[in-house]
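See structure below.
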């Protein structure tokens, strides 16, 4: 397999011809062709190196030799389904279980975060006998139809969206832009009470809640870090209503948050979800995923009488790769690295916040970090076009970063876990340069007016940008549910 | 990665402890531990060789060196998502398109047959604006929630099954056991009229049909070969109602039927589905899948405004593996082999039908063959326990075969495509021995009565078996949606 077969233009033409037009490329006006990658670096067809700040899927680093070796050796031996006994499957389940609270002991292996979250819903529906689901605003849980229904991030994109009557959208527990903020005396309780209100309203309509689902830290929703204690209080309300708590760790699990292996553990040791779903990083890019739950939920699902079979799920190759990923995380202390480098990155970004009024908020845990850009630190006017401009300018400097959140104004860091302090230095230095110089140029060229109020507030940079006036819309620029 | 880490008992214990109890193993009373496989053979931890007559996923043969090499080499270079340009993706799409009618030109890459069928529904719903789906009786289309809804094979297993009001179940076009049989003057029209009746009934209730979905040949449904012309007539009715025709090739595509690359092509050149879904064999066990549709459907889906992103779908490793699978099919003329060996197997099985009254029907195309066992060739009483007995006895002879269909009485052949005439000789010889000798012994030991009527019909074998009386139920014995 050669690294490049076609000139880039031919690749683009064939893509237009044969790949669904709903499948977007990064930087659609000048997409990147990547032919190889190693660690936190990706290389294009001309050998140009890009620093990768976004691929949380390549968790232990792109093309990690230990992972490649494990996959290749197992492919050579055997790749078959889980109706045959195989040690990789049970060993992997055992290893995974050891990272989790004891009561989360039963695994189902599937192929993607979407399959995992769909199965989590099926488990909850079967265990509780209730159909309704509470989800967070701006949440993204996957692309199969059942998950589009519970993903406001997606269904808000639809012109003719009709929200399912059995889906209830709770406030995103966002302490920066949400209903209850840093200055609120008890935002955890306030946000949990909102969930409880939804439960009560559902009951009034004769509905029953089967599950509350949330990413342990919201990713596409804008790198949101829920206040500690929130999950415990939500779980209390949801359990009282006979529902289950599903923690979606697809984006944030496997040590990324630094202090813990799972992001839900940030809430405190007294919190244990009923179901945990995993995905992206689990196989370092190999299609695999997992749902873990309690014995009680698993037995109830079994008692429905329906077998669960997943053709590729838990095959020996996937499990060999999963085991190698766990080995590398341990051997290279990547969780520790996430804590150290993530902390370092946060400090650098905090300095940017002090220096540039556009940087409104820095938040994160480990190597899951968000920098929210605003044109106005009081009104929190989202600096969407500015965020996109930074992303584009970083690309020209061969740095891959993305912007997300409901306003696409949150710079989103979730690099491979081998990301270094030097890498953090490099990306923040470039962001500083852009914020200091080039962005101003961009502004003066493309936009021509300031509001008096914003000037009066002391913003040094132009702060009212109309994305309608000819600049590409954020939607078309950069999507990043990865 | 060593081939065996635990003694078999330990593997079984760990599996009980950590793997969802809904996930069944083959031969649960004495499951098989497979540690390696090559071609059409699998080997257990003691080196015992099993002839594999069932793994249609290992399409070009287990652990095919060309496929392994392609996967390993690409893993070493790069495995990332399809938001970056990559030649493997477009080259694979181009190669796949070349096997299909011209108008099926737009691909979406996903990770499993379930993801593919769910996306097919989303495409149809978006294109047509209609919600209802017509599915065939006994159909199985996948394990995510939207597909359980359209899979009678699954939802019939549920005690408290509540069929969705937007799902309509059409007659399975089964010429042996269905409503219209070999002796019917025009079963294609009769079965298509049943679909049309469902459409009319849906209309009467104010519903609109978005899609008809069917496997091109029903697999779990009992190796059913629909009469030629049936799909054309169904498509006419469905199109007239504003719906789309989805051909599910997850089990039967990629040359298995011998005369054609796709099983829907058996219906005639004048038939082209609107959407084709692919899965199992596409990556020889690697988790990948694809949905192919027309430009019109793809554009309508895009115009919904919602991006489609699939983290692992269409990654360079999956596509490298997919390309290698296509290469091997061509290089080793596996489609030709399926035609030749499948025909040979059918002839051997026809001889069994002449010899043993229990063998009621032999049907198939290429290396997709069913042998339906009945206790009574007039009443077609399903010989369920006998089928299970054969499966178990074959296992003792180190041959892996399965039984499926709504009565689990259809012996189901869908081996790796390198299956040889010698392999066919071996399995049919063993079946002959079992039918001649051992089965009789089994019968006389376990069952004690014949009905006068059945004896009068000239059946040489005991024909009334009560599966309730202590024999394992078919459900617990052998499931085989692979």
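The values are calculated or read from the model by the stated rules, or taken from the named source; none is laboratory data. What you are looking at is a predicted structure, and each value in this text was computed from that prediction instead of being measured. Here Cβ is always computed from backbone atoms with ideal geometry, including for glycine, and neighbour counts include all displayed protein chains.
General observations
- Looking only at the stretch B:123-139, and only at residues there that are at the interface with chain A (Cβ under 10 Å from one of its Cβ atoms) and either without any contact (Cβ under 8 Å) to a residue 24 or more places away in the chain or under 22 Å from residue A:142 (Cβ atoms) (or both), the one that is surrounded by the most Cβ atoms within 10 Å (Cβ to Cβ): B:123
- Test: residue in the stretch B:4-16 that is surrounded by 20 or more Cβ atoms within 10 Å (Cβ to Cβ) and within 30 Å of residue B:326 (Cβ to Cβ): no
- Residue within the stretch B:330-351 that is crowded, with 19+ Cβ neighbours inside 10 Å, closer than 30 Å to residue A:36 by Cβ, touching a residue at least 60 places away in the same chain (Cβ under 8 Å) and in contact with a helix residue (DSSP H, G or I) (Cβ under 9 Å, 6 or more places away or on another chain) present: no
- Only listed residue being on the phi < 0 side of the Ramachandran plot, buried (at least 22 other Cβ atoms within 10 Å of the Cβ), within 26 Å of the chain's Cα centre (by Cα) and more than 7 Å from chain B (Cβ to nearest Cβ), chosen from A:67, A:57: A:67
- All of (1) out of contact with any strand residue (DSSP E or B) (no Cβ under 6 Å at 6 or more places or on another chain); (2) assigned to a loop (DSSP other than H, G, I, E, B); (3) within 14 Å of chain B (Cβ to nearest Cβ) hold for residue A:260 with one exception: (3).
- Any hit, the stretch A:269-283, residues being crowded, with 24+ Cβ neighbours inside 10 Å, assigned by TED's automatic domain parsing to the domain that holds residue A:206 and over 19 Å from the mean Cα position of the chain (by Cα): yes
- Residues of the stretch A:216-251 classified as part of a loop (DSSP other than H, G, I, E, B) and under 24 Å from the mean Cα position of the chain (by Cα), total: 15
- Of all residues making up the stretch A:270-322, the number that are in a loop (DSSP other than H, G, I, E, B), touching a residue at least 60 places away in the same chain (Cβ under 8 Å) and more than 9 Å from every other protein chain (Cβ to nearest Cβ): 4
- Answer from A:434, A:391 - the residue that is within 14 Å of chain B (Cβ to nearest Cβ), modelled with pLDDT of 50 or more, touching a helix residue (DSSP H, G or I) at 6+ places or on another chain (Cβ under 8 Å) and not in a loop (DSSP other than H, G, I, E, B): A:391
- Looking across the stretch A:239-267 at every residue that is farther than 30 Å from residue B:310 by Cβ and out of contact with any helix residue (DSSP H, G or I) (no Cβ under 7 Å at 6 or more places or on another chain), the one that is surrounded by the most Cβ atoms within 10 Å (Cβ to Cβ) is identified as A:239.
- The set of residues in the stretch A:77-119 being within 7 Å of another protein chain (Cβ to nearest Cβ), crowded, with 24+ Cβ neighbours inside 10 Å and under 25 Å from residue A:211 (Cα atoms) consists of A:93, A:106, A:107, A:108, A:111, A:112, A:113, A:114, A:115, A:118.
- Residue in the stretch A:99-106 that is within 30 Å of residue A:274 (Cα to Cα), part of a strand (DSSP E or B), touching a residue at least 60 places away in the same chain (Cβ under 8 Å) and in contact with a strand residue (DSSP E or B) (Cβ under 8 Å, 6 or more places away or on another chain) present: yes
- From the options A:152, A:173, A:187, residue that is crowded, with 20+ Cβ neighbours inside 10 Å, within 26 Å of residue A:376 (Cβ to Cβ) and within 14 Å of chain B (Cβ to nearest Cβ): A:152
- The one condition in (1) more than 27 Å from the chain's Cα centre (by Cα); (2) more than 7 Å from every other protein chain (Cβ to nearest Cβ); (3) farther than 25 Å from residue B:422 by Cα that residue B:18 fails to fulfil: (2)
- Residue B:46 without any contact (Cβ under 8 Å) to a residue 12 or more places away in the chain, farther than 24 Å from residue A:309 by Cβ and in a loop (DSSP other than H, G, I, E, B): yes
- Residue A:20 falls short on exactly one of the conditions (1) modelled with pLDDT of 95 or more; (2) under 30 Å from residue B:126 (Cα atoms); (3) surrounded by fewer than 18 Cβ atoms within 10 Å (Cβ to Cβ), and that condition is (3).
Yes/no per residue for (1) more than 7 Å from every other protein chain (Cβ to nearest Cβ); (2) farther than 30 Å from residue A:19 by Cβ; (3) buried (at least 18 other Cβ atoms within 10 Å of the Cβ); (4) modelled with pLDDT of 95 or more:
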site	(1), (2), (3), (4)
B:30	yes, yes, no, yes
B:51	yes, yes, yes, yes
B:71	no, no, yes, yes
B:75	no, no, yes, yes
